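K.L.:
My questions will all concern the structure given below.
We did not get these values from a lab; they are worked out from the coordinates using the rules stated. Model, not experiment: these values are computed from the prediction. Please note: Cβ atoms are built from the backbone with ideal geometry, for glycine as well, and neighbour counts cover all protein chains shown.
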Amino acid sequence: MDAAKDRLLRRVTIGITSVVALLMITADYGPHPHALSSVTRWWDAGKEWFLKPSDKELAELEKLRKSYDSEKNPAEEQKGRK
């Protein structure tokens, strides 16, 4: 086999292996513990850590939401102040 085909085969194999591993980690095996439980918990904790905003970011988002709502509905804001 020449070098170009060898590189292509290696890259395709790595890609397919990665996809299968991701599917195995994210599959739902039910509520009972299984061989990949610890890996699945690690994966879920990483997703939560990466995607969940911090308390500071949540406070900023709440502040922006309130300012947006008050600009959008100034009549309701006046009712709330009375």
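K.L.:
Out of region 23-32, which residues are outside any helix (DSSP H, G or I) and surrounded by 10 or more Cβ atoms within 10 Å (Cβ to Cβ)?
P.N.:
Within region 23-32, Ala27, Tyr29 qualify.
K.L.:
From the residues in region 1-22 that are surrounded by fewer than 10 Cβ atoms within 10 Å (Cβ to Cβ) and of a type in the set (D, E, K, R), which one is nearest to Trp42 (Cα to Cα)?
P.N.:
Per the criteria, the residue is Lys5.
K.L.:
List pairs: first in region 28-43 and free of Cβ contacts under 8 Å to residues at least 24 places away in the same chain, second of a type in the set (S, T, N, Q) and surrounded by 10 or more Cβ atoms within 10 Å (Cβ to Cβ), Cβ under 9 Å, 6+ apart or cross-chain?
P.N.:
That search, which allows pairs on different chains as well, returns Tyr29/Ser37; Tyr29/Thr40; His34/Thr40; Thr40/Thr26; Trp43/Thr26.
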